[in-house]
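Report on one structure; see the data block that follows.
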Amino acid sequence: MLSNFKVVLVETSHPGNIGAVARAMKNMGMDQLRLVSPKYFPHADATARASGADDVLRHAGCFASLPEALADCQIVFGASARDRTISWPSLTARELAETWAARDDVAQPNIALVFGRENSGLKNHELDLCHYLLRIPCNPDYSSLNLAAAVQVVCYELFLAGGRQSASTIGDRGEAPLATAAQMEAFYEHLQQTMADIGFLHPERSRSIMRRLRRIFNRTQLDTKELDILRGILRFSQNHNTK
């Protein structure tokens, strides 16, 4: 039921944590693990900490960058315990589980659950790739969770809710599939280039403007037909500007 959820670990420094995450996932019936530039993998410590979840480790995908790991995903959650200067839409692990109607979806989008480095979490440019912040409520005076513990909590909530149907859902169930992360990144590049071509975007403000535009479109969760329409408008604007 949860095969469309992908657990993505970014630049994990200790291989034992990768094994512990694999164990936590298998306990909850999840097996889609993706690793972005792990410091050590494969490694004996990972296998030892997996405690029988060797198959999850064996089939784990390794990627050179986070965009590559997310390329086929339509919805991305980035786990973060820290407040950010620019706010992202956020859900707790329980809210994610309660609003995701996995059982009755005919075409389930690929959903990524992204967890950052053990010592510093996810960076802002990595959160730019996420539609939501994923939070785990805990003691405000000590909110630092071990990586495997954080993954365990999220997977547990999804496992419990896996058999329940909810009235509200994350993601559109329209006639076209949601756009993947790779398709959205191509759109953002096209959008930035178009704004530069028509003289709207200034280099010194490009980063902050693009970050806010990402937030707008991430909230919208475009499907592939909507994305085609928008890119058609961008192409028309570029062509009209050259005449």
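For the reader, a short list of remarks on this structure follows.
- In the condition set (1) part of a helix (DSSP H, G or I); (2) open to solvent by 60 Å² or more (accessible area, probe 1.4 Å); (3) touching a residue at least 60 places away in the same chain (Cβ under 8 Å); (4) within 25 Å of L133 (Cβ to Cβ), A81 is compliant with all but (1).
- All conditions but one from (1) under 20 Å from L178 (Cβ atoms); (2) open to solvent by less than 100 Å² (accessible area, probe 1.4 Å); (3) without any contact (Cβ under 8 Å) to a residue 60 or more places away in the chain apply to N241; the one that does not is (1).
- In segment 40-72, residue nearest to A22 (Cα to Cα) [restricted to those that are crowded, with 19+ Cβ neighbours inside 10 Å and touching a strand residue (DSSP E or B) at 6+ places or on another chain (Cβ under 7 Å)]: V56
- Residues that are of a type in the set (D, E) and at pLDDT 90 or above within segment 201-236 comprise D223, E226, D228, listed in sequence order.
- Among residues of segment 98-107 being at pLDDT 55 or above and within 15 Å of F77 (Cβ to Cβ), the one that is most open to solvent (accessible area, probe 1.4 Å) is E98.
- Entirely in segment 1-73, the strands (runs of 3 or more DSSP E) that have 1 or more residues that are charged (D, E, K, R): 5-10, 33-36
- Restricting attention to segment 173-221, the residues being loosely packed, with under 13 Cβ neighbours inside 10 Å, assigned to a helix (DSSP H, G or I) and of a type in the set (D, E) number 2.
- Among the residues examined, L66 does not qualify as in contact (Cβ under 8 Å) with a residue 12 or more places away in the chain and either closer than 21 Å to V153 by Cα or not hydrophobic (A, V, I, L, M, F, W, C) (or both).
The values are calculated or read from the model by the stated rules, or taken from the named source; none is laboratory data. As the structure is a prediction and not an experimental result, all values here were calculated from the model. Note: ideal-geometry Cβ built from the backbone for every residue, glycine included; neighbour counts use all protein chains shown. Quick note on the areas: whole protein, heavy atoms, side chains included, nothing else; ligands and nucleic acids left out. Shrake-Rupley method; radii C 1.70, N 1.55, O 1.52, S 1.80 Å.
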